Structures are given as C-alpha cells and as structure tokens.
There are 2 protein chains.
Amino acid sequence: MYIEQAFELVKMTTGQTGRNPAVGCIIVKEGVIIGIGAHLKEGTAHAEVQAIRMAGDARDATLYCTLEPCNHRGKTPPCTEAIIAAGIKKVVFAERDTSLDNTGIRHMEAHGITVEHRPNEIISRYYEAFFISKETNRPFVTLKLATTLDGKLADDAGNSKWLTGEASRRDVHALRHRHDAVLVGRSTYEVDHPKLDARHVSDKIPAKVIVTQSGDVEIHNQDIDSAQRLIVIGPKPVEQAETIVTDDFRPARILELLFQAGISRLMIEGGSRVLSEFIEQDCFDEIVIYYAPKLLGGTLNNRFYHTLESRMIDLELTDVARFDDDIRLTYRKGQTDVHRTH
Amino acid sequence: MYIEQAFELVKMTTGQTGRNPAVGCIIVKEGVIIGIGAHLKEGTAHAEVQAIRMAGDARDATLYCTLEPCNHRGKTPPCTEAIIAAGIKKVVFAERDTSLDNTGIRHMEAHGITVEHRPNEIISRYYEAFFISKETNRPFVTLKLATTLDGKLADDAGNSKWLTGEASRRDVHALRHRHDAVLVGRSTYEVDHPKLDARHVSDKIPAKVIVTQSGDVEIHNQDIDSAQRLIVIGPKPVEQAETIVTDDFRPARILELLFQAGISRLMIEGGSRVLSEFIEQDCFDEIVIYYAPKLLGGTLNNRFYHTLESRMIDLELTDVARFDDDIRLTYRKGQTDVHRTH
C-alpha cells in the first residue's frame, strides 16, 4: 500500500525531473506516515532525503521507495548515507535501478538495515522509460497522433483542425505535461501554428522543437516572446531560437542531440513525414493514437505512416481510454530485456 | 425486467429470421412466467403466438413483447388476433413497428386490452437495422475490417493472414452468425480462399457472396460441395454457383439485388476496393474495425479506405471491446430520423 502511495507521488511529478527519474518516498513508523518525499527537479534533493527531512526523527522507521536508493554522489549526496544516518530500520523499494552499480543494498545491509525488493509490475513498466533513456543516451520517445480511422492526420489539402473532440484535446495537454519537449516538422509548425503547451492542465511548458532540413523556418510571433523554450534543429543558426546545428537528420541523431540538450522525455506530434521516419527507423518507445470517429479517404497525403515498402512492426497494447466518441490507444514496442532482471 | 428478458430472446435468434425482425415475448401471470416465445424463422409462427402456445391458458395474463404485435396477415395470421383470442389482459411492447399501419393497438384496445408502449433505448437501437432494411428495400450493411493501426488490410504484396489474433477471429465468427450473408470482392475470394462461416460459434452458415465485374471467378473446390449458399454477382452466369446477373455494380444496386435474393443482414469483409466503394457511396450502416497492434506502412495498396479525393464522413462510436492486444471498435453512421417517432 505504501509503495502504491509513493507511486502516486511519482505520477504527480512526472515530467518535471529532467533526465532524472521521478521518485516517490513514504516513511512509516508505528503505522503512521511520518515523512513524504518526491524528487521535484533535476539537481535538487532526492525523494528519500525530502522524506527524511519531513520526518525529522526517522529512527527505527520503515522507508518505502518506488526506486532503489542511490549509492553514488551525483549532483546530490548518496541517499543510502542519508538513510543510514537517519537510523531507518527497514527499506522497501519496488524497482531495481540497473543503471546503478548495486552496491547500495549491501551498504545499507552492512549497517543493519533490512532491505526488501518488492517488485510491482505497474511501477516496473513506468520506469522503463527512464532506463531506456539512460542506457541509450537518448530521450524516451512518445509518438502522438490524432487520426481518422483510416489513418489520415489531415485531408489531402492539409486541413486537420478539430479532427478529435475537446475531451481528447484536453487529454493531449496532460500527455504533453509528462514530457520535456514536443517536436514537430517545419511544415506542421508553419501550417498549424501549434502552441504545443499543456495550458489546460498545468503551467508547465514543454520545450518546442522544430526540425527543418532546409534551415528555413518562419518563427511565429507568438513564439518570440513566449516563456516556452524554442529549439530549432537545422543546418544553420536561426536568429530567434536556440538552434542545434546539424546536417544529420536521421531520427537517431536528432534524439542524441536532444538528449544532450537536456531532453529526456520527448513527444513527437507530426506531421506524417516526421512520424513515418521515426517509426520506420525504430526511434520510438510508445505510440499514443487518438482515433476520431471519422473517415477521410483520399490519397497517401497525410497518412500518418507511409513508407516506400510495407514492413510489419509489432506493438503491444498497454491502455485503452475513451473520450466521447474518440478513442485513445496506447502501444509500446515489443518488450526489450533492458532491465527485466526480476 | 420482462422486456429485457424478452430482448435476451431477440439476441439469441438474431441472424436466423431472414427478412423478418427477431422478436422475443414473455407472458406473465400472477408474477410467474407462463409463456416464452421467439420468432425462429421467416414464415413460421411469431414470438407472441409461440408464447401463447406455451402458456396454454393465458387468460388475464400480461404479454411483454420487444416489438409491437402485428395486425396483418402475412405468411402467418395477425398476432393481435391470437392475443385477443387468448384473453390477454395487458400488452407491453418496447418498440413501435413503423413499417406497419398501426391499427393493431386500437384493435386490441377495442377488445378491452390495456396496451402500453414502453420505449427502451437499447432495443430501439437494435431494431434500427430492421427498419432501415424494410424502408429502403436493401439489407442492413455491416462493414467488417481487420486492419493495422495505419489502415492496411494487407501488406503491399497482399499478405494478410493472421493480422489479428485468435480471440478476434473467433469474434468475427460471432459477428458473421448475426448476418445472412458475407460479401467479398473476387480477388479477396481468390487470394484468401475465405470460408466466411461462423463455425467457431454455430452451425449456421451465412451465404457467401462474390462480386466479379469481369464475370471471371475461380470457384474453390471447397465451395462446390459445401452446404453454404454461394451467390456470384457478375455480368454472366457462373456454372457452379447461384448467379445474380447484372451489369450495374454500384453498391446501391448490389444491395437491392441481394435484398431481392432474401438477404436482410449483409456483412462486407473486403477487399479494400469493395470497402472503399461502399463507404464512399454511403452504402453501409455499421462499421466494425478490428485494429491489430501492428504498423505496416507502404503504399496506398490495401489501405482499407482510399478514394480519388478525401471527404469527411462522420461516424458515432457505439462500442469498444478488447481481444488480447486487438481492439474492436464499432461505429454507426450519424443518426437518421427514420423511425425516431418517440
């Protein structure tokens, strides 16, 4: 139960911790919660430290944590030291952190602390994003698309406004909130003038990333004075934006560059050319499809996935949600074995 | 409650009553069910008559029926006469039958019977199929498609086997069972050799309809000795099959011809050319999509809906079901006002 409560804290803070994982922590003593902590921002105190601080006196208490406490000195001191110093009696955690050297458990046990690894499938699933990103040095990538049932993002002439309903569009804001940046191709940016923010659900503004192979892009006035971080990926500097200059536009390279720029959770919203390239090059982790109750027909224009030749890509359905007459389907790629250690 | 129980009988017998609607009937006396009836087959006794027969003595009882009792002599005598003769005290029905002349209610009331119309949304929805078919002289049309998320029925080379999983395929059999006939284009027939039966759920075999504009079609050996009714729609007689000869292959004309051949519930399974024509010509009532957790990409080949130009068609989502990692979405066209009399 406490692990699940700790996971609630994770859900609350997802999207605000940069390249660090969101972590939740609950400290319990004699059946009463005496400390609650969450990692709030990259570079600040970890969840365990926050919870110990709140508890004040945490001697002989049990600490519940969604992720294995770290044992290394990064931007902050190791959590294992704080746990030992606080006199915690028992540590229960849900997910092993395979990106660490795993000396932390032995270190705590050497100080008389009982350490229990209590795996939880939902939490395990959740941290996949973090491990994928950490081990591959690229962001976790979510492809988001709002499409007709026959796979059109827009009609043959490019009209796409209000394909899905209001409830879906609000949900997209919640999805953006859980990402650090939202990427679109140049023509989607110029045609749709998308805000790509999360204003319906939060004040957090994910960075806006525009890819332009030609280097040309008309920056909207709304973006020039915006508080939103604006990144252009192109072959030459763009005056009104932070530009990542490159001549290599392969999806894998774009992801590498964005990870170096501090983006660990990336959402890609279109258009069909960008989506098709990222899918075909296997550069995604999750696909979120909003199907509008509509059919459009027409040509190959604006079909969300088209390539020179067909090739089967297998996915795994992880979630189904309905928003009025729209349906949201969430897929992951077939399981990797990256951290399937339990 | 009794109306809902009567509707259970309707669900059981859907797909076996030809051009007649499936109807369920329950007769209750002093809180006890004394008669149960359903219309089982075109040309045989109606539900009310079956229930009265089972009851034996139905004097002063209440009769619950999903559809308004008929007052006309068709292949069987009018139900109103049987109800009056049985001494029934009260009749409760859910759906008005607007294809009748509506003299039945007055006739029963004139004989001292209390008649109550108790509308029920689910039942009303259900009978739409019947009214649409009756008033337009064409079958109720369900388009069924098993597709990748990007709208491909098969890869560019035409391979489509096992796109969806076993649970979905079983569900397709249940869907076929509720139809009189299953239609495919010639090339789908020749390439896939589909059985198009409902063997996983019932022994009922819907008719198989093949459309061939050239008139050429290679009838499979399996179909020659089969108990399944085989109908070919083409420009010239085909030796081993019942042929409907026509030079007019517009979807509306095909439906007219099939209705004349006794088909009142038609399921269309492909390929993409047939589906695209029926969608574009607005010749369907329901679309059932099974999305496999896959992406194929490629060209316009085997995209389930493609036309010369895109044009928006709005649908209404009526049902969502999951079969392992496949998802089934059911859509109706925007509401017609055909029998929205209440």
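Some notes on this structure:
- Looking only at residues in segment B:138-153 that are within 14 Å of chain A (Cβ to nearest Cβ) and of a type in the set (D, E, K, R), the one that is surrounded by the most Cβ atoms within 10 Å (Cβ to Cβ) is B:LYS152.
- Subset of segment B:104-132 (residues that are loosely packed, with under 13 Cβ neighbours inside 10 Å, β-branched (Val, Ile, Thr) and assigned to a loop (DSSP other than H, G, I, E, B)): none
- Screening A:CYS65 on (1) without any contact (Cβ under 8 Å) to a residue 40 or more places away in the chain; (2) under 14 Å from A:ILE27 (Cα atoms) shows it passes everything except condition (1).
- Residue in segment B:320-337 that is assigned to a loop (DSSP other than H, G, I, E, B), over 16 Å from the mean Cα position of the chain (by Cα), over 22 Å from B:ILE123 (Cβ atoms) and within 14 Å of chain A (Cβ to nearest Cβ) present: yes
- Taking residues in segment A:285-297 that are within 7 Å of chain B (Cβ to nearest Cβ), and partners anywhere that are among the acidic types (Asp, Glu) and part of a strand (DSSP E or B), the pairs with Cβ atoms closer than 6 Å and at least 6 places apart or on different chains are A:LYS294/B:ASP314.
- Index of the failed condition, A:SER276 passing every other in (1) surrounded by fewer than 22 Cβ atoms within 10 Å (Cβ to Cβ); (2) under 27 Å from B:ILE289 (Cα atoms); (3) away from every other protein chain (no Cβ under 14 Å): (3)
- Tally of residues being charged (D, E, K, R), modelled with pLDDT of 95 or more and under 20 Å from the mean Cα position of the chain (by Cα) across segment B:224-255: 1
- Residues of segment A:35-54 satisfying the condition of being surrounded by fewer than 22 Cβ atoms within 10 Å (Cβ to Cβ), touching a Lys or Arg at 6+ places or on another chain (Cβ under 9 Å) and not β-branched (Val, Ile, Thr): A:GLU42, A:GLY43, A:ALA45
- Test result for B:VAL209, within 16 Å of the chain's Cα centre (by Cα), at pLDDT 95 or above and under 22 Å from B:GLU286 (Cβ atoms): yes
- Looking across segment A:320-342 at every residue that is of a type in the set (Asp, Glu) and surrounded by fewer than 16 Cβ atoms within 10 Å (Cβ to Cβ), the one that is modelled with the highest pLDDT is identified as A:ASP324.
- Restricting attention to segment B:184-228 and to residues that are in contact with a Lys or Arg (Cβ under 7 Å, 6 or more places away or on another chain) and over 25 Å from B:SER168 (Cα atoms), the residue that is surrounded by the most Cβ atoms within 10 Å (Cβ to Cβ) turns out to be B:VAL211.
- Listed by position, the strands (runs of 3 or more DSSP E) contained in segment B:228-280 that have at least 3 residues being touching a helix residue (DSSP H, G or I) at 6+ places or on another chain (Cβ under 8 Å) and of a type outside the set (A, V, I, L, M, F, W, C) are B:265-270.
- Scanning segment A:74-95 for residues that are in contact with a helix residue (DSSP H, G or I) (Cβ under 9 Å, 6 or more places away or on another chain) and part of a loop (DSSP other than H, G, I, E, B) gives A:THR76, A:PRO77, A:PRO78, A:ILE88.
- Residues that are polar (S, T, N, Q) and at pLDDT 90 or above were ranked within segment B:1-53; the one that is farthest from B:THR76 (Cα to Cα) is B:GLN5.
- When residues of segment A:304-319 are limited to those that are more than 7 Å from chain B (Cβ to nearest Cβ) and either under 22 Å from the mean Cα position of the chain (by Cα) or closer than 16 Å to B:THR148 by Cα (or both), the one surrounded by the most Cβ atoms within 10 Å (Cβ to Cβ): A:THR318
- The conditions of being farther than 30 Å from A:GLY298 by Cα, free of Cβ contacts under 8 Å to residues at least 12 places away in the same chain, more than 14 Å from chain B (Cβ to nearest Cβ) and surrounded by fewer than 19 Cβ atoms within 10 Å (Cβ to Cβ) are not met by A:GLU135.
The values are calculated or read from the model by the stated rules, or taken from the named source; none is laboratory data. Since we're looking at a predicted model, the values are computed, not measured. Cβ sites come from the backbone with ideal geometry, for glycine too, and all protein chains shown count toward neighbours.
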